[in-house]
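Asks: Sharing a structure below in C-alpha coordinates format, with a few things to ask.
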Amino acid sequence: MDHASVERALAALAVSGSRKLDSDCDRLARGYVAEGVEPQFTVPSADFATDPYLICADRYWNLRFRDSPSLYTAVDCAGWLTEHVAADHAEAVREKWAMGYAFITRDTVDSAGEIADATADIIAADRTGERAYFATLYHAGKLRADYAFDELAQFLESSPLSVSISHSYWDKPLFVALRALAAFGSRRITAEHARSLFETAWQAPGRTREAVDVALNGVAISVEFAGRGELLRTHAAEAVALYPDDHIFAYRLAIGQRLCGDYDAALDSIGAALRKLPRVGWRVSYDLLQQQYRLEEQMITYERISARHADEMRTAAAQHGREVAALTERYRAELRELADSTQRNQYRSIEMVALFAAMIAFAVGSLNVTLSGALSLPGRVGLIAELGGGLLLFSVTILAGVWWITRRR
(Lines give C-alpha, C1' and ligand atoms only; values in the text may rest on other atoms or scores of the structure.)
Protein backbone atom coordinates (compact mmCIF):
# COMPACT_ATOMS: atom_id res chain seq x y z
CA MET A 1 0.00 0.00 0.00
CA ASP A 2 1.40 3.37 -1.08
CA HIS A 3 0.59 5.46 2.00
CA ALA A 4 1.72 8.71 0.40
CA SER A 5 -0.65 8.31 -2.54
CA VAL A 6 -3.52 7.55 -0.15
CA GLU A 7 -2.81 10.73 1.77
CA ARG A 8 -2.75 12.76 -1.44
CA ALA A 9 -6.05 11.22 -2.48
CA LEU A 10 -7.60 12.01 0.90
CA ALA A 11 -6.34 15.58 0.78
CA ALA A 12 -8.01 16.01 -2.63
CA LEU A 13 -11.27 14.60 -1.25
CA ALA A 14 -11.52 17.41 1.28
CA VAL A 15 -13.29 19.52 -1.34
CA SER A 16 -15.44 16.71 -2.77
CA GLY A 17 -19.17 16.28 -2.44
CA SER A 18 -20.50 13.92 0.20
CA ARG A 19 -21.26 11.04 -2.17
CA LYS A 20 -17.84 11.03 -3.79
CA LEU A 21 -16.22 11.54 -0.40
CA ASP A 22 -17.98 8.47 1.04
CA SER A 23 -17.43 6.23 -1.94
CA ASP A 24 -13.73 7.08 -2.37
CA CYS A 25 -13.00 6.72 1.35
CA ASP A 26 -14.74 3.37 1.31
CA ARG A 27 -12.60 2.25 -1.65
CA LEU A 28 -9.37 3.33 0.04
CA ALA A 29 -10.35 1.66 3.33
CA ARG A 30 -11.13 -1.62 1.56
CA GLY A 31 -7.69 -1.44 -0.05
CA TYR A 32 -6.06 -1.29 3.38
CA VAL A 33 -8.12 -4.27 4.58
CA ALA A 34 -7.35 -6.28 1.47
CA GLU A 35 -3.59 -5.79 1.88
CA GLY A 36 -3.73 -6.44 5.64
CA VAL A 37 -2.08 -3.16 6.65
CA GLU A 38 -3.26 -0.32 8.85
CA PRO A 39 -3.56 3.30 7.65
CA GLN A 40 -0.56 5.47 8.45
CA PHE A 41 -2.09 8.94 8.10
CA THR A 42 -3.04 11.22 10.99
CA VAL A 43 -6.66 12.17 11.71
CA PRO A 44 -6.80 15.92 12.45
CA SER A 45 -10.37 16.28 13.70
CA ALA A 46 -13.49 14.57 15.05
CA ASP A 47 -15.68 15.63 12.13
CA PHE A 48 -17.31 12.44 10.88
CA ALA A 49 -19.20 14.29 8.16
CA THR A 50 -16.48 16.10 6.19
CA ASP A 51 -13.01 15.02 7.35
CA PRO A 52 -11.79 12.49 4.71
CA TYR A 53 -9.04 11.15 6.98
CA LEU A 54 -11.49 10.34 9.76
CA ILE A 55 -14.08 8.97 7.35
CA CYS A 56 -11.52 6.64 5.77
CA ALA A 57 -10.21 5.49 9.16
CA ASP A 58 -13.75 5.02 10.42
CA ARG A 59 -14.62 2.87 7.42
CA TYR A 60 -11.42 0.84 7.81
CA TRP A 61 -12.13 -0.04 11.44
CA ASN A 62 -15.78 -0.63 10.68
CA LEU A 63 -14.72 -3.32 8.22
CA ARG A 64 -12.22 -4.75 10.71
CA PHE A 65 -14.81 -5.06 13.46
CA ARG A 66 -17.36 -6.64 11.15
CA ASP A 67 -14.77 -9.22 10.13
CA SER A 68 -13.52 -9.89 13.68
CA PRO A 69 -15.84 -8.48 16.40
CA SER A 70 -13.63 -9.29 19.39
CA LEU A 71 -11.88 -7.57 22.27
CA TYR A 72 -8.57 -8.10 20.46
CA THR A 73 -9.80 -5.97 17.56
CA ALA A 74 -10.91 -3.37 20.09
CA VAL A 75 -7.41 -3.31 21.58
CA ASP A 76 -5.84 -2.89 18.13
CA CYS A 77 -8.25 -0.08 17.33
CA ALA A 78 -7.52 1.68 20.63
CA GLY A 79 -3.80 1.49 19.99
CA TRP A 80 -4.13 2.90 16.48
CA LEU A 81 -6.38 5.68 17.73
CA THR A 82 -3.87 6.75 20.38
CA GLU A 83 -1.11 6.99 17.79
CA HIS A 84 -2.98 8.48 14.82
CA VAL A 85 -5.78 10.73 16.09
CA ALA A 86 -4.98 14.24 17.27
CA ALA A 87 -4.95 14.36 21.06
CA ASP A 88 -7.56 17.13 21.22
CA HIS A 89 -10.08 14.92 19.43
CA ALA A 90 -9.07 11.46 20.64
CA GLU A 91 -11.71 11.26 23.40
CA ALA A 92 -14.61 12.09 21.09
CA VAL A 93 -13.45 9.62 18.44
CA ARG A 94 -12.76 6.91 21.03
CA GLU A 95 -16.24 7.10 22.52
CA LYS A 96 -18.03 7.26 19.17
CA TRP A 97 -16.08 4.32 17.80
CA ALA A 98 -16.52 2.18 20.91
CA MET A 99 -20.29 2.72 21.03
CA GLY A 100 -20.76 2.57 17.28
CA TYR A 101 -18.75 -0.59 16.62
CA ALA A 102 -20.40 -2.24 19.61
CA PHE A 103 -23.80 -1.57 18.10
CA ILE A 104 -23.01 -3.02 14.67
CA THR A 105 -21.53 -6.16 16.27
CA ARG A 106 -24.11 -6.52 19.07
CA ASP A 107 -25.00 -10.05 17.93
CA THR A 108 -21.49 -11.31 18.80
CA VAL A 109 -21.16 -10.85 22.57
CA ASP A 110 -18.00 -12.48 23.92
CA SER A 111 -18.40 -15.28 26.45
CA ALA A 112 -17.07 -15.05 30.00
CA GLY A 113 -14.16 -17.30 29.07
CA GLU A 114 -13.24 -15.20 26.04
CA ILE A 115 -13.38 -12.05 28.12
CA ALA A 116 -11.18 -13.60 30.81
CA ASP A 117 -8.57 -14.74 28.28
CA ALA A 118 -8.50 -11.38 26.52
CA THR A 119 -8.40 -9.48 29.80
CA ALA A 120 -5.20 -11.16 30.90
CA ASP A 121 -3.51 -10.30 27.61
CA ILE A 122 -4.83 -6.72 27.62
CA ILE A 123 -3.71 -5.94 31.17
CA ALA A 124 -0.26 -7.44 30.58
CA ALA A 125 0.39 -5.32 27.47
CA ASP A 126 -1.44 -2.10 28.43
CA ARG A 127 0.56 0.40 30.47
CA THR A 128 -1.75 3.43 30.27
CA GLY A 129 -5.11 1.68 30.51
CA GLU A 130 -6.38 3.29 27.29
CA ARG A 131 -6.70 -0.02 25.47
CA ALA A 132 -8.44 -1.66 28.43
CA TYR A 133 -10.80 1.32 28.67
CA PHE A 134 -11.69 1.12 24.97
CA ALA A 135 -12.24 -2.64 25.24
CA THR A 136 -14.44 -2.11 28.30
CA LEU A 137 -16.55 0.47 26.49
CA TYR A 138 -16.81 -1.80 23.45
CA HIS A 139 -18.10 -4.81 25.39
CA ALA A 140 -20.38 -2.62 27.53
CA GLY A 141 -21.77 -1.12 24.33
CA LYS A 142 -22.73 -4.58 23.10
CA LEU A 143 -24.57 -5.34 26.34
CA ARG A 144 -26.29 -1.97 26.12
CA ALA A 145 -27.42 -2.61 22.55
CA ASP A 146 -28.77 -6.04 23.59
CA TYR A 147 -30.69 -4.60 26.60
CA ALA A 148 -28.75 -6.92 28.93
CA PHE A 149 -28.97 -4.48 31.83
CA ASP A 150 -28.11 -6.74 34.77
CA GLU A 151 -25.18 -8.24 32.88
CA LEU A 152 -24.01 -4.73 31.98
CA ALA A 153 -24.15 -3.57 35.61
CA GLN A 154 -22.22 -6.63 36.76
CA PHE A 155 -19.61 -6.26 34.01
CA LEU A 156 -18.97 -2.59 34.72
CA GLU A 157 -18.70 -3.00 38.48
CA SER A 158 -16.94 -6.32 38.96
CA SER A 159 -15.31 -7.71 35.81
CA PRO A 160 -11.50 -7.92 35.91
CA LEU A 161 -11.30 -5.86 32.73
CA SER A 162 -13.37 -3.04 34.22
CA VAL A 163 -11.72 -3.25 37.63
CA SER A 164 -8.30 -2.90 35.98
CA ILE A 165 -9.15 0.67 34.88
CA SER A 166 -11.14 1.73 37.96
CA HIS A 167 -8.74 4.36 39.29
CA SER A 168 -8.27 6.16 36.00
CA TYR A 169 -11.52 5.80 34.07
CA TRP A 170 -14.47 4.99 36.32
CA ASP A 171 -15.17 8.70 36.82
CA LYS A 172 -15.41 9.34 33.09
CA PRO A 173 -18.88 10.70 32.22
CA LEU A 174 -19.51 7.97 29.62
CA PHE A 175 -18.59 5.21 32.06
CA VAL A 176 -20.94 6.67 34.70
CA ALA A 177 -23.65 7.11 32.06
CA LEU A 178 -23.36 3.42 31.16
CA ARG A 179 -23.78 2.51 34.82
CA ALA A 180 -26.84 4.76 34.98
CA LEU A 181 -28.31 3.11 31.89
CA ALA A 182 -27.78 -0.35 33.40
CA ALA A 183 -29.46 0.79 36.64
CA PHE A 184 -32.42 2.35 34.82
CA GLY A 185 -33.04 -0.81 32.83
CA SER A 186 -32.59 -3.27 35.70
CA ARG A 187 -35.48 -4.38 37.90
CA ARG A 188 -33.03 -5.14 40.70
CA ILE A 189 -31.66 -1.61 41.13
CA THR A 190 -33.69 1.24 42.56
CA ALA A 191 -34.73 4.23 40.50
CA GLU A 192 -33.18 6.50 43.15
CA HIS A 193 -29.74 4.96 42.57
CA ALA A 194 -30.17 5.20 38.80
CA ARG A 195 -31.13 8.87 39.04
CA SER A 196 -28.12 9.56 41.26
CA LEU A 197 -25.78 8.07 38.64
CA PHE A 198 -27.62 9.96 35.91
CA GLU A 199 -27.17 13.30 37.66
CA THR A 200 -23.50 12.53 38.30
CA ALA A 201 -22.90 11.86 34.60
CA TRP A 202 -24.99 14.85 33.54
CA GLN A 203 -23.26 17.34 35.83
CA ALA A 204 -19.73 16.10 35.06
CA PRO A 205 -17.51 18.97 33.81
CA GLY A 206 -16.08 16.84 30.98
CA ARG A 207 -19.45 15.56 29.79
CA THR A 208 -19.28 14.41 26.16
CA ARG A 209 -21.83 13.95 23.44
CA GLU A 210 -21.77 10.16 23.84
CA ALA A 211 -22.26 10.47 27.60
CA VAL A 212 -25.32 12.66 27.01
CA ASP A 213 -26.72 10.15 24.52
CA VAL A 214 -26.20 7.11 26.75
CA ALA A 215 -27.62 8.89 29.82
CA LEU A 216 -30.77 9.94 27.96
CA ASN A 217 -31.05 6.50 26.41
CA GLY A 218 -31.12 5.06 29.93
CA VAL A 219 -34.10 7.19 30.94
CA ALA A 220 -35.90 6.45 27.66
CA ILE A 221 -35.70 2.66 28.10
CA SER A 222 -36.04 2.69 31.88
CA VAL A 223 -38.42 0.70 34.01
CA GLU A 224 -41.25 3.10 34.86
CA PHE A 225 -40.76 5.41 37.86
CA ALA A 226 -42.33 8.61 39.12
CA GLY A 227 -41.16 11.66 37.16
CA ARG A 228 -39.55 9.66 34.35
CA GLY A 229 -41.22 11.59 31.53
CA GLU A 230 -40.40 14.99 32.99
CA LEU A 231 -36.79 13.95 33.65
CA LEU A 232 -36.34 12.86 30.04
CA ARG A 233 -38.14 15.84 28.56
CA THR A 234 -36.17 18.40 30.57
CA HIS A 235 -32.72 16.97 29.89
CA ALA A 236 -33.43 16.04 26.26
CA ALA A 237 -34.47 19.65 25.62
CA GLU A 238 -31.12 20.73 27.04
CA ALA A 239 -29.35 18.25 24.74
CA VAL A 240 -31.25 19.57 21.71
CA ALA A 241 -30.14 23.08 22.60
CA LEU A 242 -26.50 21.92 22.82
CA TYR A 243 -26.63 19.75 19.68
CA PRO A 244 -29.35 21.29 17.46
CA ASP A 245 -28.42 19.26 14.37
CA ASP A 246 -28.34 15.87 16.12
CA HIS A 247 -31.37 13.76 15.20
CA ILE A 248 -31.04 11.36 18.15
CA PHE A 249 -31.65 14.09 20.74
CA ALA A 250 -34.76 15.31 18.93
CA TYR A 251 -35.94 11.69 19.05
CA ARG A 252 -35.24 11.41 22.79
CA LEU A 253 -37.10 14.69 23.35
CA ALA A 254 -40.12 13.35 21.46
CA ILE A 255 -40.22 10.31 23.76
CA GLY A 256 -40.08 12.53 26.86
CA GLN A 257 -42.84 14.78 25.55
CA ARG A 258 -45.01 11.76 24.77
CA LEU A 259 -44.50 10.38 28.26
CA CYS A 260 -45.62 13.76 29.64
CA GLY A 261 -48.73 13.80 27.44
CA ASP A 262 -47.49 16.76 25.36
CA TYR A 263 -48.43 15.09 22.09
CA ASP A 264 -48.40 18.08 19.73
CA ALA A 265 -44.87 19.04 20.78
CA ALA A 266 -43.83 15.37 20.54
CA LEU A 267 -45.00 15.22 16.93
CA ASP A 268 -43.00 18.35 16.15
CA SER A 269 -39.88 16.83 17.74
CA ILE A 270 -40.13 13.47 15.99
CA GLY A 271 -40.71 15.30 12.71
CA ALA A 272 -37.51 17.26 13.32
CA ALA A 273 -35.63 14.01 14.06
CA LEU A 274 -36.78 12.53 10.75
CA ARG A 275 -35.73 15.64 8.83
CA LYS A 276 -32.28 15.66 10.46
CA LEU A 277 -31.48 12.05 9.55
CA PRO A 278 -28.44 12.01 7.25
CA ARG A 279 -29.14 10.37 3.90
CA VAL A 280 -25.55 9.37 3.19
CA GLY A 281 -22.70 7.71 5.03
CA TRP A 282 -22.27 4.23 6.47
CA ARG A 283 -22.25 5.20 10.14
CA VAL A 284 -25.99 5.77 10.10
CA SER A 285 -28.44 3.11 9.01
CA TYR A 286 -30.99 5.45 7.49
CA ASP A 287 -33.68 2.82 6.94
CA LEU A 288 -33.34 1.39 10.46
CA LEU A 289 -33.50 4.77 12.17
CA GLN A 290 -36.29 6.00 9.95
CA GLN A 291 -38.33 2.93 10.82
CA GLN A 292 -37.63 3.47 14.52
CA TYR A 293 -38.61 7.15 14.36
CA ARG A 294 -41.74 6.40 12.33
CA LEU A 295 -42.78 3.88 14.95
CA GLU A 296 -42.41 6.53 17.65
CA GLU A 297 -44.45 8.91 15.51
CA GLN A 298 -47.22 6.30 15.30
CA MET A 299 -47.13 5.78 19.06
CA ILE A 300 -47.46 9.52 19.66
CA THR A 301 -50.39 9.74 17.25
CA TYR A 302 -52.11 6.72 18.80
CA GLU A 303 -51.69 8.00 22.35
CA ARG A 304 -52.91 11.46 21.36
CA ILE A 305 -56.07 9.98 19.84
CA SER A 306 -56.56 7.76 22.89
CA ALA A 307 -56.10 10.69 25.27
CA ARG A 308 -58.52 12.84 23.31
CA HIS A 309 -61.10 10.03 23.31
CA ALA A 310 -60.64 9.55 27.07
CA ASP A 311 -61.17 13.28 27.65
CA GLU A 312 -64.36 13.19 25.59
CA MET A 313 -65.60 10.19 27.53
CA ARG A 314 -64.86 11.87 30.86
CA THR A 315 -66.64 15.03 29.73
CA ALA A 316 -69.66 13.04 28.57
CA ALA A 317 -69.68 11.04 31.79
CA ALA A 318 -69.48 14.23 33.87
CA GLN A 319 -72.29 15.84 31.85
CA HIS A 320 -74.39 12.71 32.08
CA GLY A 321 -73.67 12.52 35.80
CA ARG A 322 -74.94 16.07 36.30
CA GLU A 323 -78.08 15.29 34.31
CA VAL A 324 -78.70 12.12 36.31
CA ALA A 325 -78.15 13.95 39.59
CA ALA A 326 -80.60 16.69 38.60
CA LEU A 327 -83.19 14.13 37.46
CA THR A 328 -82.76 12.14 40.65
CA GLU A 329 -83.23 15.23 42.79
CA ARG A 330 -86.39 16.12 40.87
CA TYR A 331 -87.79 12.63 41.40
CA ARG A 332 -86.97 12.82 45.09
CA ALA A 333 -88.72 16.20 45.38
CA GLU A 334 -91.80 14.81 43.63
CA LEU A 335 -91.82 11.78 45.92
CA ARG A 336 -91.50 14.03 48.98
CA GLU A 337 -94.39 16.17 47.71
CA LEU A 338 -96.51 13.09 47.08
CA ALA A 339 -95.78 11.74 50.55
CA ASP A 340 -96.58 15.10 52.17
CA SER A 341 -99.82 15.39 50.18
CA THR A 342 -100.84 11.86 51.16
CA GLN A 343 -100.16 12.54 54.81
CA ARG A 344 -102.03 15.85 54.72
CA ASN A 345 -105.06 14.12 53.16
CA GLN A 346 -104.93 11.44 55.83
CA TYR A 347 -104.81 14.05 58.58
CA ARG A 348 -107.71 16.03 57.03
CA SER A 349 -109.73 12.84 56.82
CA ILE A 350 -109.17 12.14 60.53
CA GLU A 351 -110.14 15.71 61.38
CA MET A 352 -113.31 15.49 59.24
CA VAL A 353 -114.31 12.21 60.88
CA ALA A 354 -113.87 13.76 64.33
CA LEU A 355 -115.89 16.82 63.29
CA PHE A 356 -118.75 14.74 61.82
CA ALA A 357 -118.81 12.58 64.95
CA ALA A 358 -119.22 15.69 67.11
CA MET A 359 -121.97 17.04 64.84
CA ILE A 360 -123.87 13.76 64.93
CA ALA A 361 -123.56 13.63 68.70
CA PHE A 362 -124.88 17.18 68.92
CA ALA A 363 -127.79 16.49 66.58
CA VAL A 364 -128.85 13.34 68.41
CA GLY A 365 -128.58 15.03 71.78
CA SER A 366 -130.47 18.15 70.74
CA LEU A 367 -133.29 16.14 69.11
CA ASN A 368 -133.66 14.03 72.17
CA VAL A 369 -134.01 17.18 74.31
CA THR A 370 -136.26 18.91 71.80
CA LEU A 371 -138.70 16.05 71.26
CA SER A 372 -139.10 14.78 74.79
CA GLY A 373 -139.53 16.14 78.30
CA ALA A 374 -141.87 18.73 79.90
CA LEU A 375 -139.60 21.76 79.88
CA SER A 376 -140.87 25.07 78.61
CA LEU A 377 -139.58 26.51 75.37
CA PRO A 378 -137.12 28.90 77.04
CA GLY A 379 -135.85 26.04 79.14
CA ARG A 380 -135.41 23.79 76.13
CA VAL A 381 -133.53 26.54 74.25
CA GLY A 382 -131.25 27.09 77.20
CA LEU A 383 -130.63 23.38 77.55
CA ILE A 384 -129.87 23.03 73.82
CA ALA A 385 -127.50 26.02 73.98
CA GLU A 386 -125.77 24.49 76.99
CA LEU A 387 -125.51 21.11 75.26
CA GLY A 388 -124.30 22.69 72.01
CA GLY A 389 -121.62 24.65 73.82
CA GLY A 390 -120.39 21.52 75.52
CA LEU A 391 -120.35 19.59 72.27
CA LEU A 392 -118.57 22.47 70.53
CA LEU A 393 -115.92 22.48 73.21
CA PHE A 394 -115.66 18.69 72.83
CA SER A 395 -115.20 19.03 69.03
CA VAL A 396 -112.51 21.64 69.42
CA THR A 397 -110.74 19.45 71.93
CA ILE A 398 -110.91 16.45 69.55
CA LEU A 399 -109.58 18.47 66.58
CA ALA A 400 -106.80 19.99 68.69
CA GLY A 401 -105.80 16.55 69.89
CA VAL A 402 -105.71 15.16 66.32
CA TRP A 403 -103.57 18.09 65.17
CA TRP A 404 -101.16 17.73 68.12
CA ILE A 405 -100.77 13.98 67.51
CA THR A 406 -100.20 14.27 63.70
CA ARG A 407 -98.17 17.50 63.48
CA ARG A 408 -94.76 15.75 63.87
CA ARG A 409 -95.55 13.30 61.10
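Asks: Could you count how many residues in the range 198-216 are open to solvent by 20 Å² or more (accessible area, probe 1.4 Å) and not in a loop (DSSP other than H, G, I, E, B)?
Replies: Of the residues in the range 198-216, 4 are open to solvent by 20 Å² or more (accessible area, probe 1.4 Å) and not in a loop (DSSP other than H, G, I, E, B).
Asks: Hey, among T105, T136, which residue is touching a Pro at 6+ places or on another chain (Cβ under 7 Å) and under 30 Å from R188 (Cβ atoms)?
Replies: Of T105, T136, the one residue that is touching a Pro at 6+ places or on another chain (Cβ under 7 Å) and under 30 Å from R188 (Cβ atoms) is T105.
Asks: Please go through the range 9-21 and pick out each residue that is farther than 17 Å from V93 by Cβ and either of a type outside the set (S, T, N, Q) or not assigned by the TED database to the domain that holds R66 (or both).
Replies: If the condition is that a residue be farther than 17 Å from V93 by Cβ and either of a type outside the set (S, T, N, Q) or not assigned by the TED database to the domain that holds R66 (or both), then A9, A11, A12, L13, A14, V15, G17, R19, K20, L21 are the ones that fit.
Asks: Across the range 28-63, what is the total count of residues that are within 29 Å of D245 (Cα to Cα) and outside any loop (DSSP other than H, G, I, E, B)?
Replies: The qualifying residues number 15.
Asks: Sort out which residues of the range 142-154 are touching a residue at least 40 places away in the same chain (Cβ under 8 Å) and farther than 14 Å from I115 by Cβ, and write them in order of number.
Replies: The answer is R144, A145, D146, Y147.
Asks: Going by the structure shown, is G321 small (G, A, S), open to solvent by less than 50 Å² (accessible area, probe 1.4 Å) and not in a helix (DSSP H, G or I)?
Replies: Here the answer is no, as G321 does not meet what is asked.
Asks: Here is a follow-up. Of all residues being touching a Leu at 6+ places or on another chain (Cβ under 7 Å) and among the hydrophobic types (A, V, I, L, M, F, W, C) in the range 250-273, which is least open to solvent (accessible area, probe 1.4 Å)? Just the residue, please.
Replies: I255
Asks: From the list R195, R258, which residue is farther than 30 Å from I305 by Cβ, part of a helix (DSSP H, G or I), of a type in the set (K, R) and modelled with pLDDT of 95 or more?
Replies: Every option except R195 fails the conditions.
Asks: Could you run through the range 67-114 and say how many residues are over 20 Å from F155 (Cα atoms), in contact with a helix residue (DSSP H, G or I) (Cβ under 6 Å, 6 or more places away or on another chain) and among the aromatic types (F, W, Y)?
Replies: Number of matching residues: 0.
Quick grid of which residues meet (1) closer than 30 Å to I123 by Cα; (2) over 45 Å from the mean Cα position of the chain (by Cα); (3) modelled with pLDDT of 95 or more; (4) in the same structural domain as D117 (by the TED database):
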residue: S23; (1), (2), (3), (4): no, no, no, yes
residue: E38; (1), (2), (3), (4): yes, yes, yes, yes
residue: T42; (1), (2), (3), (4): yes, no, yes, yes
residue: D58; (1), (2), (3), (4): yes, no, yes, yes
residue: W61; (1), (2), (3), (4): yes, no, yes, yes
residue: T73; (1), (2), (3), (4): yes, no, yes, yes
residue: C77; (1), (2), (3), (4): yes, no, yes, yes
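Asks: Checking C260 against (1) closer than 28 Å to R279 by Cβ; (2) not assigned by the TED database to the domain that holds R179, which test does it fail?
Replies: For C260, the exception is condition (1).
Asks: Right, another one. Among all residue pairs at least 6 apart or on different chains, which show Cβ distances below 7 Å where the first residue, located in the range 53-68, is under 12 Å from R27 (Cα atoms) and the second is open to solvent by 50 Å² or more (accessible area, probe 1.4 Å) and of a type in the set (K, R)?
Replies: The qualifying pairs are L63/R30.
Asks: Can you tell me which residue in the range 8-21 is nearest to R66 (Cα to Cα), limited to those that are modelled with pLDDT of 90 or more and crowded, with 16+ Cβ neighbours inside 10 Å?
Replies: Among residues in the range 8-21 that are modelled with pLDDT of 90 or more and crowded, with 16+ Cβ neighbours inside 10 Å, the one nearest to R66 (Cα to Cα) is L10.
The values are calculated or read from the model by the stated rules, or taken from the named source; none is laboratory data. Remember, it's a predicted structure, so these values are computed and weren't measured experimentally. Here the Cβ is made from the backbone with ideal geometry for all residues, glycine too, and neighbour counts use every protein chain on show. Please note that ligands, DNA and RNA were not included when accessible areas were found on the heavy atoms of the full protein model with its side chains. Shrake-Rupley method; radii C 1.70, N 1.55, O 1.52, S 1.80 Å.
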